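Heads up, the thing below is written out as structure tokens.
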Number of protein chains: 2
Amino acid sequence: MQSRKKVPRFKREAPEKRRADLVQAAIRCLAEGGMAAFKMERIATEAGVSLGLLPHYFKSKTELLAEVYRASLYDDVDRKIADLDDKAIGSPTERLCRIIDAIIDPDYLKPANLTVWLALWGEIVVNPELRLAHRALYRSYLKSLAVLIGEVAEERQRRVNGTEIARSLQALIDGLFLERALDKQAVSHADFRRASYEFLELHLGKLTSAA
Amino acid sequence: MQSRKKVPRFKREAPEKRRADLVQAAIRCLAEGGMAAFKMERIATEAGVSLGLLPHYFKSKTELLAEVYRASLYDDVDRKIADLDDKAIGSPTERLCRIIDAIIDPDYLKPANLTVWLALWGEIVVNPELRLAHRALYRSYLKSLAVLIGEVAEERQRRVNGTEIARSLQALIDGLFLERALDKQAVSHADFRRASYEFLELHLGKLTSAA
DNA sequence: TTCCTTGTTGTAAGTTCTTACAATAAGAAA
DNA sequence: TTTCTTATTGTAAGAACTTACAACAAGGAA
């Protein structure tokens with residue numbers, strides 16, 4: 001019987017990798033069916049492991065949700081900040097345009113993300129712990145946007161309230177984003193583009209030459 | 001034994017009243033804890049009736065949720081619009097201002113409603129039945145807003161895309177509303193007012209004399 | 001190879017939730 | 001009062017979900 005090859009029944013992974021895989025699987029579940037699909041068994045199946053492995057990595061469902069939140073939010077914010085720093089070349093106007101383009105990028109606003117974010121927002125409102133984490137990250141992001149808008153205004157010798165414009169701009173985008181999430185045919189990418197730039201240009205003057 | 005007073009064990013209500021009461025109780029539950037608190041037994045307790053009464057009025061949980069959606073999101077505003085139409089008072093501009101004021105009314109945008117709406121939106125994205133209900137209500141509402149904006153524009157002999165302005169305005173308000181839901185100190189009523197009117201006036205010209 | 005650590009599985013206990021339904025009784029009608 | 005309609009109750013069936021835990025086995029160490 002020594003000739004029989006032993007075929008492994010499962011693969012043993014490094015804890016950090018497995019943990020990250022589980023979080024990603026959980027995000028995919030959220031994207032597919034919102035909180036209603038955020039079930040331990042489903043997540044385990046999605047990750048290709050058994051249900052029993054989940055409590056080994058997360059002592060409760062809430063802990064897993066917190067991880068999902070952190071992972072998905074940090075990724076997004078980090079990407080934006082990286083964009084900011086990388087493209088630090090060029091005029092403020094140019095940088096602002098690039099950031100707007102990134103925010104309304106169809107790939108960023110894809111349906112899967114819409115569903116995940118809506119589910120997370122719904123949880124943030126009723127979960128104080130999640131809410132605290134959200135505030136820090138969101139305020140920091142909004143501030144960097146406000147600073148950039150202020151720079152553009154200065155460049156053009158206009159006096160504006162950068163904080164308020166940043167907030168309204170983000171609100172406008174979030175709102176369109178929400179409409180699109182609830183009714184996929186409601187808002188096209190062109191609509192996003194037009195609404196965002198029109199709004200900004202009404203305050204700052206012409207931003208683009210082509211579009 | 002005939003002297004013993006029979007004390008009723010429950011009160012029999014008119015179906016329409018009971019139904020409305022149940023919907024209101026469900027809204028209170030949603031407001032308190034989001035979808036996690038939207039449980040049949042909890043709603044029954046909140047309404048002061050037994051669990052068994054719920055399936056008598058709503059053949060499924062989703063049906064109840066759809067009622068909650070309509071009641072909490074549209075009843076107020078629809079009533080306001082109907083009021084304006086009935087009394088047919090004032091110029092289009094005046095009527096538009098009144099509607100805006102109704103939409104950003106602090107009592108309408110109170111925290112409890114924020115929680116309810118976020119929970120509902122999270123469900124709409126993943127529940128086809130609810131999504132259909134949403135589309136009908138939302139599109140109808142948006143259209144009446146667009147028509148009114150068109151009237152204001154005509155009055156002022158401006159050529160605008162009423163549909164697009166209505167959509168962007170509502171998106172702006174929804175977005176601010178979202179920021180407020182996630183961070184209660186982020187947006188004040190004055191912010192709502194300023195952002196809404198500024199946006200409209202950029203397209204339509206001055207709307208108010210005082211504010 | 002053999003041993004050992006611990007990642008992984010399978011199962012089940014205990015809980016909670018939705019839906020169904022037969023029995024009960026409130027309140028109107030006659 | 002008596003009858004009748006149906007709103008309401010109480011309970012339970014059945015499904016689904018979270019968490020716990022004992023046994024198994026993968027893969028590195030010696």
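The values are calculated or read from the model by the stated rules, or taken from the named source; none is laboratory data. Since we're looking at a predicted model, the values are computed, not measured. Positions of Cβ are backbone-derived with ideal geometry, glycine not excepted, and every protein chain shown enters the neighbour counts.
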Quiz item: For residues in segment B:69-89 being of a type outside the set (Gly, Ala, Ser) and part of a loop (DSSP other than H, G, I, E, B), which is farthest from residue B:109 (Cα to Cα)?
Solution: B:89
Quiz item: Which of the residues belonging to segment A:16-52 are within 13 Å of DNA strand D (Cβ to nearest atom), away from chain B (no Cβ under 14 Å) and either assigned to a helix (DSSP H, G or I) or closer than 24 Å to residue B:129 by Cβ (or both)?
Solution: A:17, A:18, A:22, A:26, A:40, A:41, A:43, A:44, A:45, A:46, A:51, A:52
Exercise. Within segment B:3-10, identify whether any single residue is more than 8 Å from DNA strand C (Cβ to nearest atom), in contact with a helix residue (DSSP H, G or I) (Cβ under 7 Å, 6 or more places away or on another chain), not in a helix (DSSP H, G or I) and not aromatic (Phe, Trp, Tyr), and answer yes or no.
Key: no
Practice problem: Please indicate, with yes or no, whether at least one residue in segment A:160-182 is β-branched (Val, Ile, Thr), within 25 Å of residue A:71 (Cβ to Cβ) and out of contact with any Pro (no Cβ under 6 Å at 6 or more places or on another chain). | Solution: yes
Quiz item: Conditions: (1) more than 11 Å from DNA strand C (Cβ to nearest atom); (2) more than 30 Å from residue B:152 (Cβ to Cβ). Residue B:53 meets all but one. Number of the miss?
Solution: (1)
Quiz item: Can you tell which of B:45, B:62, B:93 is more than 21 Å from residue B:136 (Cα to Cα), at pLDDT 90 or above and within 16 Å of DNA strand C (Cβ to nearest atom)?
Solution: B:45
Quiz prompt | Selected residue (only one of B:94, B:46 is free of Cβ contacts under 8 Å to residues at least 12 places away in the same chain and over 23 Å from residue B:171 (Cβ atoms)) | solution = B:94
Quiz item: Would you say residue B:66 is outside any loop (DSSP other than H, G, I, E, B), more than 15 Å from residue B:26 (Cα to Cα) and not β-branched (Val, Ile, Thr)?
Solution: no
Self-check item: Looking only at segment A:23-48, and only at residues there that are within 16 Å of the chain's Cα centre (by Cα) and surrounded by fewer than 18 Cβ atoms within 10 Å (Cβ to Cβ), the one that is farthest from residue A:112 (Cα to Cα)
Solution: A:24
Quiz prompt | Of the criteria (1) surrounded by 18 or more Cβ atoms within 10 Å (Cβ to Cβ); (2) out of contact with any Phe, Trp or Tyr (no Cβ under 7 Å at 6 or more places or on another chain), which one residue B:57 fails | solution = (1)
Quiz prompt | Considering residues of segment A:163-211 that are touching a residue at least 60 places away in the same chain (Cβ under 8 Å) and in a loop (DSSP other than H, G, I, E, B) only, the residue nearest to the other protein chains (Cβ to nearest Cβ) | solution = A:184
Self-check item: Single condition residue A:155 does not satisfy, out of (1) farther than 30 Å from residue B:129 by Cβ; (2) within 14 Å of chain B (Cβ to nearest Cβ); (3) in contact (Cβ under 8 Å) with a residue 60 or more places away in the chain
Solution: (2)
Quiz item: Does segment A:122-135 include one or more residues that are at the interface with chain B (Cβ under 10 Å from one of its Cβ atoms), over 17 Å from residue B:176 (Cα atoms) and within 16 Å of the chain's Cα centre (by Cα)?
Solution: yes
Exercise. Return yes or no: is residue A:77 surrounded by fewer than 17 Cβ atoms within 10 Å (Cβ to Cβ), within 11 Å of DNA strand D (Cβ to nearest atom) and modelled with pLDDT under 80?
Key: no
